[in-house]
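J.: Please find one structure pasted underneath; my questions will follow.
The values are calculated or read from the model by the stated rules, or taken from the named source; none is laboratory data. What you are looking at is a predicted structure, and each value in this text was computed from that prediction instead of being measured. Counting neighbours? That spans all protein chains shown, and the Cβs are built from the backbone with ideal geometry, glycine included. Calculation scope for accessible area: heavy atoms of the full protein, side chains included, ligands and nucleic acids excluded. Shrake-Rupley method; radii C 1.70, N 1.55, O 1.52, S 1.80 Å.
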There are 2 protein chains.
Amino acid sequence: MVRAGLTPERLTLAGAELADEVGFDQVTVSALARRFDVKVASLYSHLKNSQELKTRIALFALEELADRVADSLAGRAGKDALAAFADAYRDYAREHPGRYAAARLRLDPETAAASAGVRHAQMTRAILRGYDLTEPDQTHAVRMLGSVFHGYVSLELAGGFEHSAPDARESWAWIVDSLDALLRNRATPSHT
Amino acid sequence: MVRAGLTPERLTLAGAELADEVGFDQVTVSALARRFDVKVASLYSHLKNSQELKTRIALFALEELADRVADSLAGRAGKDALAAFADAYRDYAREHPGRYAAARLRLDPETAAASAGVRHAQMTRAILRGYDLTEPDQTHAVRMLGSVFHGYVSLELAGGFEHSAPDARESWAWIVDSLDALLRNRATPSHT
DNA sequence: AGTATCTGCCTAAAGCCTTTAGGTATCGGA
DNA sequence: TCCGATACCTAAAGGCTTTAGGCAGATACT
């Protein structure tokens, strides 16, 4: 009886791959056990329960996405940064739909506070710093950007724009453009 | 043995109520059977399967939401209409989180084409008519509005804005305001 | 009214998922 | 080498889905 070499990390990664293949809500402890050719009960030595598996996948995805976004943001500012941020987000969701869905899992407050979700918020604020918004506006803008990006990507993944012209990526560009204009309009009157 | 008087319609409505109470993905044929104090198998005379139950709830919610939106839109135009649309959407999600989640269920193309989803799109376009956009822009705008509203409401329901100032409804107002400004800016140069 | 049919809900059963309890075999260190 | 820790296993209970077939109210026809 050769050991399979299970660890929480390997299970999480395999779970993420499984999510991309069959959808996040089809990720089950049973399916994962089959993938490792191991009995279901064996996984319960490494995972507290099914919920923990999902949470781990979510945290992993948040981390991975934050890394990607950070990379594409490097050295950019203003509209350029906004577009890079948006594209990193959308590309990740298209490449890894299951992980993206995982990243949207509702986490309990403590878990969320310790997650890469915090980095996402920081990066969003960093982009907005390029637009000179006053404080309450900046928070509103963070929320708006989050909403648009999340909303668009969800709708696109759900196939909402599939059978209609124009192409989804044109709309994406138009939206990013519009958001940039909007934020520039909201900027505090320059102090020059 | 008194008959329970099950019909697909009653099951759908009860399913919608159940969704609001316990969450759409906790809606199961079993839970519904318990609610009617009837054996599980009995429901299968009225429903093909669990998926059909969910689809019916989704269609019901889309219809109900479209009715509400239509009501709040009556007699309004321009920014007033935009705000009414947005509020109807958000209010519905807050009052009926389960039904709202149901309305986001992915439907197969034919079902979707025959659903109230079509009315939603028409109403969105009706609002945009107040902004004089050229054709491709109008489509982009439809997509953007859908994204923002859906995204914001999802994030708010997921508790994303819960423990931070300012209040979610201020951000909502700010966003609606911004969208109005944005659309006015995109309007085709007036022909006066 | 009396009977025949039909339909609504029931019991039974199989299949899959989760989770817990307790057993056995393997690996690494003394 | 042996011994403990640990990795994976068997067994079992409980829940959800779905199908097959049965009994009894409800409906309809004479």
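J.: Work out the FRET efficiency for A:Asp177 and A:Ala41 from their Cβ-Cβ distance, taking R0 = 51 Å, and round it to the nearest 0.05. Each step should come with its number before you reach the end.
T.: Numbers: r = 54 Å, r/R0 = 1.06.
Plugging the Cβ-Cβ distance into 1/(1 + (r/R0)^6) gives 0.40.
J.: Give me the percent relative contact order of chain A, please, defined on Cα pairs under 8 angstrom at least 6 residues apart. Before the final figure, lay out the partial values.
T.: Working: 154 pairs, mean separation 41.7, N = 192.
After rounding, I find 22 percent.
J.: Okay, moving on. Report, in deg cm²/dmol and to the nearest 500, the calculated mean residue ellipticity at 222 nm for chain A, where each DSSP H run with n ≥ 4 adds -39500 (n - 2.57) and the sum is divided by the residue count. Can you show the working numbers first?
T.: Values: 10 runs with 136 residues, N = 192.
Computed mean residue ellipticity for chain A: -22500 deg cm²/dmol.
J.: Let me ask something additional. Label-to-label distances across copies for A:Ala77, with labels 7 Å out along Cα→Cβ, in nm, shortest first?
T.: Inter-copy label distances (nm, one decimal, shortest first): 4.5.
J.: On to the next question. Calculate, for A:Ser50 and B:Glu170, the FRET efficiency according to 1/(1 + (r/R0)^6) with r their C-beta to C-beta distance and R0 56 Å; round to the nearest 0.05. Let's see the in-between values first.
T.: Working: r = 38 Å, r/R0 = 0.68.
Taking R0 as 56 Å, the efficiency between A:Ser50 and B:Glu170 is 0.90.
J.: On to the next question. What does the net charge come to around B:Ala114 if you take all other residues with beta carbon closer than 12 Å to its beta carbon, with K and R at +1 and D and E at -1?
T.: The answer is -2.
J.: What does the average come to when, for each residue of peptide B:148-160, you count the partner chain Cβ atoms lying within 10 Å of its Cβ?
T.: 6
J.: For region A:8-186, give the magnitude of the charge dipole about the Cα centre (Cβ charges: +1 Lys/Arg, -1 Asp/Glu; no others), in debye to the nearest 20.
T.: Details: 22 positive and 26 negative charges, 86 e Å.
Around 420 debye, computed over region A:8-186.
J.: Quick one: grab the alpha carbon gyration tensor of chain A, order the square roots of its eigenvalues as a ≥ b ≥ c, and give me rounded if a/c is under 1.5, else prolate or oblate depending on whether a/b is larger than b/c.
T.: Details: a/c = 2.96, a/b = 1.97, b/c = 1.50.
Since a/c reaches 1.5 and a/b is larger than b/c, the shape of chain A is classed as prolate.
J.: For the protein assembly as shown, rounded, prolate or oblate, judged on the Cα gyration tensor with a ≥ b ≥ c (square roots of eigenvalues), a/c < 1.5 rounded, else prolate if a/b > b/c?
T.: Because a/c hits 1.5 or more and a/b fails to exceed b/c, the protein assembly as shown counts as oblate.
J.: Follow-up. Extending each Cα 7 Å along its Cβ direction at B:Glu162 and B:Glu63, get the distance between those two points in nm, one decimal.
T.: 3.3
J.: Let me ask another. Around A:His46, under 11 Å between beta carbons, what's the net of Lys plus Arg minus Asp minus Glu among the other residues?
T.: Numbers: positive: A:Arg10, A:Lys48, A:Arg56; negative: A:Glu9, A:Glu52.
Summing Lys/Arg as +1 and Asp/Glu as -1 gives +1.
J.: Let me ask something additional. What does the charge dipole of the protein assembly as shown about its Cα centre add up to, to the nearest 20 debye, if the Cβ of each Lys and Arg holds +1 and the Cβ of each Asp and Glu holds -1? Don't jump to the answer; show the numbers that get you there.
T.: Numbers: 46 positive and 52 negative charges, 158 e Å.
With only Lys, Arg, Asp and Glu charged at Cβ, the dipole is about 760 debye.
J.: Taking beta carbons within 10 Å but only from partner chains, what does the mean come to for residues B:103-113?
T.: Values: counts 0, 3, 1, 4, 2, 1, 3, 0, 0, 3, 1.
Per residue, the average neighbour count from other chains is 2.
J.: Set Lys and Arg Cβ to +1 and Asp and Glu Cβ to -1, take the dipole of region B:1-46 about its Cα centre, and tell me which of B:Ala16, B:Leu32, B:His46 lies farthest positive.
T.: So the residue furthest toward the plus end is B:His46.
J.: Could you tell me the relative contact order of region B:5-83? Use alpha-carbon pairs under 8 Å, at least six residues apart, and round to a whole percent. Mind dumping the intermediate values first?
T.: Values: 40 pairs, mean separation 24.2, N = 79.
Contact order relative to length: 31 percent.
J.: I'd like the accessible area for A:Trp174: 1.4 Å probe, protein heavy atoms, all chains in place, Å² to the nearest 10.
T.: For A:Trp174, the solvent-accessible surface is approximately 20 Å².
J.: Per-residue accessible area for B:Leu179 at 1.4 Å probe radius, Å² rounded to 10?
T.: Per-residue accessible area (B:Leu179): approximately 0 Å².
J.: One decimal, nm, shortest first: give the distances between the label point of B:Arg34 and those of the same position in the other copies, each label point 7 Å from Cα along Cα→Cβ.
T.: Ordered by distance, the counterparts are at 2.7 nm.
J.: Which of A:Leu73, A:Ile127, B:Tyr89 sits farthest toward the positive end of the charge dipole of the protein assembly as shown, with +1 on the Cβ of Lys and Arg and -1 on the Cβ of Asp and Glu?
T.: Positive-most Cα among the choices belongs to B:Tyr89.
J.: Tell me the relative contact order for region A:101-192 as a rounded percent, counting alpha carbon contacts under 8 Å between residues six or more apart. Walk me through the intermediate numbers first.
T.: On the way: 25 pairs, mean separation 29.5, N = 92.
Normalised by residue count, the contact order of region A:101-192 is 32 percent.
J.: To continue, here is another question. Would you mind pulling out the separation of the Cα centroids of region A:17-75 and region A:90-147, in Å?
T.: That distance is 20 Å.
J.: Taking the full set of protein chains and a 1.4 angstrom probe, give the accessible area of A:Met123 in square angstrom, rounded to the nearest 10.
T.: In the full protein context, A:Met123 sits at about 30 Å².
J.: Still on this structure: Which chain B residue sits with its beta carbon nearest the axis carrying B onto A, and how many Å away is it, rounded to a whole number?
T.: Whole-Å result, nearest residue of chain B to the axis: B:Gly151, 1.
J.: Let me ask something else about it. Per-residue mean of other chain beta-carbon atoms within 10 angstrom of the beta-carbon, peptide A:129-140?
T.: 2
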